[in-house]
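Visitor: Next up is a structure, given as structure tokens.
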Amino acid sequence: MPRLLAIVEYDGTDFEGFQIQKRGRTVQGELERALQQITGEQIRVMGGGRTDSGVHALGQGAHFDTNWKRPVATLQRALNAVLPTDIAVRSLVEVGKDFSARYSARSRAYRYTILNQPVRSPLLRRYALFVPEPLDADAMDAAARCLIGTHDFGAFGTPPHGDNSVRDMIRARVRKEGASILIDLEANAFLYRMVRRIVGTLLWIGRGEMTIAEFRQVLSKERRAGQSVAPQGLCLVAVKYDLATESH
């Protein structure tokens, strides 16, 4: 029974997150429903990262096992034909039986988008946090760079499993692009609500309400972090694997 890795894109607005819940629509549930419709099998899909309600993804990884006998490309086309319009399978490849979309990931990259202009944008309300007052993106970038390296990020979130809150932050950057401020964070793994609380704290920096020295104190748990910001600005850009077949 082959194991396949799907790279999935979705608009998270109308989902209760990726993982199946007792109630509500989920990305995992829609993928499993589509696979059953096409293959006739009861297939369990395992995600590479757990996104919360309202959070989007450009490159979510998900693996599953199937007895599908036809070409993988045919299955990808069939999935995209039956999946709802807010989900698409960007790529589908065969991987080894010991591969795990979650545990084989070497890093995960997120982007948080802030719309920083005086007037709100109805067209962007599903994909960006609107902040009307001017923000200092350069100061936010300087603070974000303090996060790079191996740290205990317990001030910004809680571990999804166990009590280890140490993570390795590979990349942390803030830049202004037109009216948008883009916050890019890449780490080996993230704590629950970690990105959104980092963004909430960086907003204090951007408004001039916190110094970079004080931001470092938050990281060392000497000060409280900012509130978790709204989910719609957050996107899981990529779950990265050491695979020659990666197309994202």
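Visitor: Report, by residue number, each residue of the range 174-190 that is of a type in the set (D, E, K, R) and over 22 Å from LEU115 (Cβ atoms).
Guide: Quick first cut of the range 174-190, residues of a type in the set (D, E, K, R) only: 175-177, 184, 186.
Scanning the range 174-190 gives a single hit, GLU186.
Visitor: Counting only residues that are in a strand (DSSP E or B) and of a type in the set (A, V, I, L, M, F, W, C), which one in the range 72-92 is nearest to GLY29 (Cα to Cα)? Before the answer, list the steps.
Guide: So the first thing to find is which residues in the range 72-92 are in a strand (DSSP E or B), and the list is 87-92.
Then drop every residue that is not of a type in the set (A, V, I, L, M, F, W, C), which leaves 87-89, 92.
Details: ILE87: 11, ALA88: 14, VAL89: 14, LEU92: 18 Å.
Ranking the candidates gives ILE87 first.
Visitor: Sort out which residues of the range 211-226 are in contact (Cβ under 8 Å) with a residue 24 or more places away in the chain and closer than 15 Å to ALA142 by Cβ, and write them in order of number.
Guide: ILE212, PHE215, ARG216, VAL218, LEU219 - these are the residues of the range 211-226 that are in contact (Cβ under 8 Å) with a residue 24 or more places away in the chain and closer than 15 Å to ALA142 by Cβ.
Visitor: Among the residues of the range 138-173, how many are within 30 Å of VAL119 (Cβ to Cβ) and either surrounded by 15 or more Cβ atoms within 10 Å (Cβ to Cβ) or within 20 Å of the chain's Cα centre (by Cα) (or both)? Talk me through it step by step, then tell me what you get.
Guide: Filtering the range 138-173 down to residues within 30 Å of VAL119 (Cβ to Cβ) leaves 138-144, 172-173.
Then drop every residue that is not either surrounded by 15 or more Cβ atoms within 10 Å (Cβ to Cβ) or within 20 Å of the chain's Cα centre (by Cα) (or both), which leaves 139-141, 143-144, 172-173.
The qualifying residues number 7.
Visitor: Would you check which residues across the range 100-116 are surrounded by 15 or more Cβ atoms within 10 Å (Cβ to Cβ) and out of contact with any strand residue (DSSP E or B) (no Cβ under 6 Å at 6 or more places or on another chain) and list them?
Guide: SER100, ARG102, SER104
Visitor: For the range 73-99, which positions are touching a strand residue (DSSP E or B) at 6+ places or on another chain (Cβ under 7 Å) and β-branched (Val, Ile, Thr)?
Guide: If the condition is that a residue be touching a strand residue (DSSP E or B) at 6+ places or on another chain (Cβ under 7 Å) and β-branched (Val, Ile, Thr), then ILE87, VAL89, VAL93, VAL95 are the ones that fit.
Visitor: Does TYR112 satisfy being out of contact with any Lys or Arg (no Cβ under 6 Å at 6 or more places or on another chain), within 23 Å of VAL218 (Cα to Cα) and of a type in the set (Ser, Thr, Tyr)? Before you say what the answer is, go through the steps one by one.
Guide: On the way: out of contact with any Lys or Arg (no Cβ under 6 Å at 6 or more places or on another chain): yes; within 23 Å of VAL218 (Cα to Cα): yes; of a type in the set (Ser, Thr, Tyr): yes.
It is true that TYR112 is out of contact with any Lys or Arg (no Cβ under 6 Å at 6 or more places or on another chain), within 23 Å of VAL218 (Cα to Cα) and of a type in the set (Ser, Thr, Tyr).
For (1) farther than 25 Å from ARG126 by Cα; (2) part of a strand (DSSP E or B), each residue gets a yes or a no:
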residue	(1), (2)
LEU5	yes, yes
ARG23	no, no
LEU31	no, no
ARG44	yes, no
GLY61	no, yes
ARG70	yes, no
GLU94	yes, yes
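Visitor: Another one. Any idea which of (1) free of Cβ contacts under 8 Å to residues at least 60 places away in the same chain; (2) out of contact with any helix residue (DSSP H, G or I) (no Cβ under 9 Å at 6 or more places or on another chain); (3) closer than 14 Å to ILE38 by Cα is the one LEU83 doesn't satisfy?
Guide: (2)
Visitor: Within the range 180-218, restricting attention to residues that are buried (at least 23 other Cβ atoms within 10 Å of the Cβ) and in a strand (DSSP E or B), which residue is farthest from the chain's Cα centre (by Cα)?
Guide: Result: ILE181.
Visitor: For the range 96-116, give me each residue that is part of a strand (DSSP E or B) and not aromatic (Phe, Trp, Tyr). Reasoning before the result, please.
Guide: Step one: list which residues in the range 96-116 are part of a strand (DSSP E or B), which gives 107-115.
Result: SER107, ARG108, ALA109, ARG111, THR113, ILE114, LEU115.
Visitor: Of everything in the range 147-176, what is assigned to a loop (DSSP other than H, G, I, E, B) and either within 19 Å of ARG223 (Cβ to Cβ) or not β-branched (Val, Ile, Thr) (or both)? Give them in sequence order.
Guide: Result: PHE153, GLY154, ALA155, PHE156, GLY157, PRO159, PRO160, HIS161, GLY162, ASP163, ASN164, SER165.
Visitor: Given the criterion buried (at least 16 other Cβ atoms within 10 Å of the Cβ), over 18 Å from the mean Cα position of the chain (by Cα) and not assigned by TED's automatic domain parsing to the domain that holds PHE15, identify the matching residue among LYS221, LYS176. Step through it out loud before you land on a result.
Guide: Numbers: LYS221 fails: buried (at least 16 other Cβ atoms within 10 Å of the Cβ).
It is LYS176.
Visitor: Which of the residues spanning the range 122-137 are in contact (Cβ under 8 Å) with a residue 12 or more places away in the chain and either farther than 21 Å from TRP204 by Cβ or surrounded by fewer than 14 Cβ atoms within 10 Å (Cβ to Cβ) (or both)? Reasoning before the result, please.
Guide: Filtering the range 122-137 down to residues in contact (Cβ under 8 Å) with a residue 12 or more places away in the chain leaves 125-137.
Once the filter is applied, which keeps residues that are in contact (Cβ under 8 Å) with a residue 12 or more places away in the chain and either farther than 21 Å from TRP204 by Cβ or surrounded by fewer than 14 Cβ atoms within 10 Å (Cβ to Cβ) (or both), the range 122-137 yields ARG125, ARG126, TYR127, PRO132, GLU133, PRO134.
Visitor: Continuing with this model, one more query. Would a scan of the range 129-146 turn up a residue that is under 23 Å from VAL237 (Cα atoms) and part of a loop (DSSP other than H, G, I, E, B)? Outline the logic, then answer.
Guide: To start, the set of residues in the range 129-146 that are under 23 Å from VAL237 (Cα atoms) comprises 129-131, 137-138, 140-146.
Now narrow it down to the ones that are part of a loop (DSSP other than H, G, I, E, B): 131.
Looking for residues that are under 23 Å from VAL237 (Cα atoms) and part of a loop (DSSP other than H, G, I, E, B), one finds at least one in the range 129-146, hence yes.
The values are calculated or read from the model by the stated rules, or taken from the named source; none is laboratory data. Not measured: the values here are computed from a predicted model. Cβ coordinates were reconstructed from backbone atoms using ideal geometry, including for glycine residues, and neighbour counts include every protein chain displayed.
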